[in-house]
């Protein structure tokens, strides 16, 4: 599915908040990215499908609570997915018997990775708006500096400076 502009995305979100039946459009625009995000972390196609369905169920159930902060809707979905992956890993780690200690170590490492990613998402959300937009466009959507400058109506130098400041802020917040 093609990507939508920020204005189109915001319109789709507001429509879904007023009429949950309109959520299907958001689902269609974001399904592939959410599934890809999960499947590379889970490595099990069936589990990834279940978790993807769970993410969209949670998103639909909570669409009324979604507040537009300038970040792409996909960032919110990624946060839901990261939490679902972490919850699943915690559940699995509780179910692991003592004879599966080696597997538990692997799960704990994966859980730590998921928790670090969740911390990263939280830190990105707390960045100043301009820095957050640049970081999400640059690393979340893999846009070039030129594309970001055009989208934000800024010079490439300004975008580079915002990216630098954003990364510095993230480093500082993640050290805390």
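The values are calculated or read from the model by the stated rules, or taken from the named source; none is laboratory data. The structure displayed is predicted, hence computed values, not measured ones. Note that each Cβ is placed from the backbone with ideal geometry, even for glycine, and that neighbours are counted across all protein chains shown.
Being surrounded by fewer than 16 Cβ atoms within 10 Å (Cβ to Cβ), over 22 Å from residue 120 (Cβ atoms), more than 17 Å from the chain's Cα centre (by Cα) and at pLDDT 85 or above, is that true of even one residue in segment 37-45? Walk me through how you get there before you give the answer.
Initial filter on segment 37-45 (surrounded by fewer than 16 Cβ atoms within 10 Å (Cβ to Cβ)): 40, 43-45.
Next, from what is left, pick out any that are over 22 Å from residue 120 (Cβ atoms): 44-45.
After this cut, where a residue has to be more than 17 Å from the chain's Cα centre (by Cα) as well, the list is 44-45.
Right, trim to at pLDDT 85 or above and you get 45.
For segment 37-45, residues surrounded by fewer than 16 Cβ atoms within 10 Å (Cβ to Cβ), over 22 Å from residue 120 (Cβ atoms), more than 17 Å from the chain's Cα centre (by Cα) and at pLDDT 85 or above: present.
Spot the failing condition for residue 144; the list is (1) within 24 Å of residue 7 (Cβ to Cβ); (2) at pLDDT 90 or above; (3) surrounded by 13 or more Cβ atoms within 10 Å (Cβ to Cβ), and only one is missed. For residue 144, the failing item is (3).
Taking segment 51-70 as the range and being within 12 Å of residue 84 (Cβ to Cβ) and either surrounded by fewer than 15 Cβ atoms within 10 Å (Cβ to Cβ) or modelled with pLDDT under 85 (or both) as the test, the residues that pass are 53, 57. Return the residue satisfying two criteria in turn: it lies in segment 13-30 and is touching a helix residue (DSSP H, G or I) at 6+ places or on another chain (Cβ under 7 Å) and in contact (Cβ under 8 Å) with a residue 24 or more places away in the chain, and of such residues it is surrounded by the fewest Cβ atoms within 10 Å (Cβ to Cβ). Among residues in segment 13-30 that are touching a helix residue (DSSP H, G or I) at 6+ places or on another chain (Cβ under 7 Å) and in contact (Cβ under 8 Å) with a residue 24 or more places away in the chain, the one surrounded by the fewest Cβ atoms within 10 Å (Cβ to Cβ) is 20.
Remark: residue 162 matches the filter, which requires a residue to be surrounded by 18 or more Cβ atoms within 10 Å (Cβ to Cβ), more than 21 Å from residue 48 (Cβ to Cβ) and at pLDDT 90 or above. Within segment 100-141, being part of a loop (DSSP other than H, G, I, E, B), at pLDDT 85 or above and within 16 Å of the chain's Cα centre (by Cα) holds for 126, 127.
A count restricted to segment 142-159 and to residues that are within 26 Å of residue 116 (Cβ to Cβ) and either in a helix (DSSP H, G or I) or touching a helix residue (DSSP H, G or I) at 6+ places or on another chain (Cβ under 8 Å) (or both) stands at 2.
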